[in-house]
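Read the structure below first, then the notes.
The values are calculated or read from the model by the stated rules, or taken from the named source; none is laboratory data. All of these numbers come straight from a predicted model, not from anything done at the bench. For neighbour counting, all protein chains shown are included, and Cβ atoms are generated from backbone atoms with ideal geometry for every residue, glycine included.
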Amino acid sequence: MASLAEYRQVSLFWFTFVILVASSVFANRFDVYKAITADYDKNVFRDQNFSGPVVVSIELTSFQLLHMDQIQETITFMTTIGMIWKDENLSWNASEFGGTSSVVIPYSLLWKPDITLTSGLSIDYITPDEQRYVNVQDDGTIQSTSYCLITNQCRMSVEDFPYDIQTCTITLEPWIYPTDQVDLVVGKKRWNLNTTIDDGYFKGNGEWTVVSFDKKLYYNTASNGQRYAAVDHTIKFRRQPIYYICVLVIPTFVTATICLFGLFVPAMNNGERVEKVNMGLATLLFMAVILGIVASEMPKTTTLPLLGFFVLVELILCTIGVIVSMLIMLAHQRASTRALIPPACLNTILLLKMKAIQKLEKTDGTTVDTKNVIRHGPVVVSVEMLYFNLLFMDQRQETITFTTTMEMIWKDENLSWNANEFGGTSSILIPSELLWKPDIIVPTGLSIDNITPDEQRYVSVLSDGTVRSISYCLITNECRLSIEAFPFDIQTCNITLESWMHPTDKIALVVGRKLRNLNATINDGDFWVLKEI
């Protein structure tokens with residue numbers, strides 16, 4: 001029981017001692033607060049009895065990039081501004097106040113140097129003034145820390161986009177006081193140009209990393225001759241280009257490569273040629289959209305970014321590829337459909353190889369065989385289209401497709417006989433493939449298909465050697481369109497028939513009877529046949 005009583009007495013003693021010490025400390029701090037603020041006016045600059053300017057040490061002790069607006073050329077970031085200065089009006093003798101060497105008092109009660117962010121567009125303090133406190137030492141040294149959200153100007157240099165490094169300057173300086181009243185000094189410096197600063201206090205965002213953070217003190221001279229101090233915090237950011245490489249660079253390169261390879265693969269003269277041109281135009285449209293995306297991300301400066309040059313070069317290459325491909329296909333079409341041989345210089349430029357002899361396809365009434373005739377005059381061939389049915393007019397390809405009945409009449413003396421010797425038989429039907437036929441072709445036609453095969457076609461032969469051949473054909477023919485009056489236009493198409501190999505002293509053509517009755521034609525519903533010449 002005695003030991004328990006002693007324990008209670010000791011505990012009561014130490015508890016009382018702690019209470020007295022704490023009360024003394026709190027009383028001393030309160031006394032200091034009352035003593036230094038009794039005759040203090042925050043609106044008045046320090047007393048003239050103190051010589052020299054107020055020296056303010058200023059530093060950004062943390063930095064967190066939130067957003068970089070490349071079009072507006074601004075950055076938004078969170079930062080901590082630390083300032084240290086000495087105000088002799090707030091000093092006291094610590095020994096007179098129980099050794100109290102520092103107190104914490106409200107920020108709003110003190111005079112503060114008018115440090116202004118002159119490069120900023122806006123500054124918002126996270127903690128209101130009435131909730132902010134400063135630490136005051138017994139010699140009058142004041143330590144202030146402010147956590148704020150700042151939007152600052154940042155001139156962009158986009159020449160190397162998306163591999164660019166941007167430099168932004170944050171300027172802090174007194175607004176009113178010259179250097180003889182308020183002077184600045186720079187806090188500790190950070191130099192790190194080769195590696196990324198990421199120590200938890202200086203951070204970028206997902207797109208940008210901080211690569212250097214430098215501070216510099218300099219002086220400006222106003223028009224009245226007074227000098228003003230200023231501190232520049234220079235921050236360098238490096239862009240992370242992976243997003244733009246995956247979204248813009250690689251798709252642009254792949255699309256341009258496919259376009260260039262696709263334009264120069266072999267193609268036919270009709271449908272695929274249009275598809276290749278459409279592919280080239282679609283690629284050009286895609287490139288234009290990509291270039292627009294790059295332009296929308298960049299400020300409107302006089303320089304074009306590196307990525308913009310890349311897309312522009314790809315756009316020019318695809319444009320050249322489309323033009324060259326169209327020229328090659330145009331030359332090929334002219335050579336294959338009009339029997340025109342391109343000049344040697346064009347063949348060299350377009351890397352074309354022309355065959356020495358081109359074998360022509362057989363068309364209706366055409367043969368490469370020759371026929372010896374008894375008489376020395378030309379074979380007179382009467383040619384006429386007895387029937388015309390328009391199936392389709394391709395206005396893009398400038399062709400018409402129609403069915404027609406082609407009649408040819410000529411005389412072959414080798415097929416004549418005396419009808420009296422054969423019981424008065426004056427005409428017979430024999431297979432078309434057994435006869436010599438004049439080589440009448442349609443040079444304006446792209447294709448001619450006989451509805452009836454050669455082995456099933458017959459011709460009528462009279463006793464005097466007159467041969468009458470009728471062929472039912474499907475023809476695709478050129479038709480140069482004039483669309484000035486569209487949709488009230490009238491189109492004129494020429495269908496030419498001629499001998500391919502024989503001049504007029506061998507084969508002469510005459511026009512058969514003409515059909516003036518328009519009811520003998522059939523229209524396709526979109527176009528009507530007005531006149532046949």
### Query
Within the stretch 471-516, how many residues are in contact with a Leu (Cβ under 6 Å, 6 or more places away or on another chain) and not in a loop (DSSP other than H, G, I, E, B)?
1
### Task
Please specify each residue of the stretch 441-458 satisfying the condition of being within 18 Å of Ser499 (Cβ to Cβ), in contact with a strand residue (DSSP E or B) (Cβ under 6 Å, 6 or more places away or on another chain) and in a strand (DSSP E or B).
Gly445, Ile448
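Listed here are the residues, each with its yes/no results for (1) at pLDDT 85 or above; (2) outside the structural domain of Glu398 (by TED's automatic domain parsing); (3) among the polar types (S, T, N, Q).
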residue	(1), (2), (3)
Ala419	yes, no, no
Ser426	yes, no, yes
Pro431	yes, no, no
Trp436	yes, no, no
Pro443	no, no, no
Ile451	no, no, no
Gln456	no, no, yes
Val459	yes, no, no
Asp464	yes, no, no
#### Entry: Neighbours by Cβ (under 8 Å, 6+ apart or cross-chain): first from the stretch 419-437, closer than 24 Å to Glu455 by Cα and touching a residue at least 40 places away in the same chain (Cβ under 8 Å); second of a type in the set (S, T, N, Q) and surrounded by 14 or more Cβ atoms within 10 Å (Cβ to Cβ)
Trp436/Thr367; Lys437/Thr366; Lys437/Thr367; Lys437/Ser469
### Test set (1) touching a strand residue (DSSP E or B) at 6+ places or on another chain (Cβ under 7 Å); (2) closer than 20 Å to Thr234 by Cα - Val158 fails condition number
(1)
### Message
If a residue must be part of a loop (DSSP other than H, G, I, E, B), surrounded by fewer than 19 Cβ atoms within 10 Å (Cβ to Cβ) and among the hydroxyl-bearing types (Ser, Thr, Tyr), how many such residues does the stretch 146-189 contain?
### Response
3
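Does Glu96 meet the test of being in the same structural domain as Leu121 (by TED's automatic domain parsing), among the acidic types (Asp, Glu) and in contact (Cβ under 8 Å) with a residue 40 or more places away in the chain?
For Glu96, the condition - in the same structural domain as Leu121 (by TED's automatic domain parsing), among the acidic types (Asp, Glu) and in contact (Cβ under 8 Å) with a residue 40 or more places away in the chain - is not met.
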### Residue list for the stretch 396-425, filter: assigned to a loop (DSSP other than H, G, I, E, B) and in contact with a Phe, Trp or Tyr (Cβ under 9 Å, 6 or more places away or on another chain)
Asp412, Thr425
### Query
From the list Trp175, Trp111, which residue is among the aromatic types (Phe, Trp, Tyr) and touching a Lys or Arg at 6+ places or on another chain (Cβ under 6 Å)?
Trp111
### Query
Considering the stretch 29-86 alone, what residues qualify as being over 30 Å from Arg238 (Cα atoms), part of a strand (DSSP E or B) and of a type outside the set (A, V, I, L, M, F, W, C)?
Lys86
### Lone unmet requirement of (1) surrounded by fewer than 17 Cβ atoms within 10 Å (Cβ to Cβ); (2) assigned by TED's automatic domain parsing to the domain that holds Tyr177; (3) at pLDDT 85 or above for Lys236
(1)
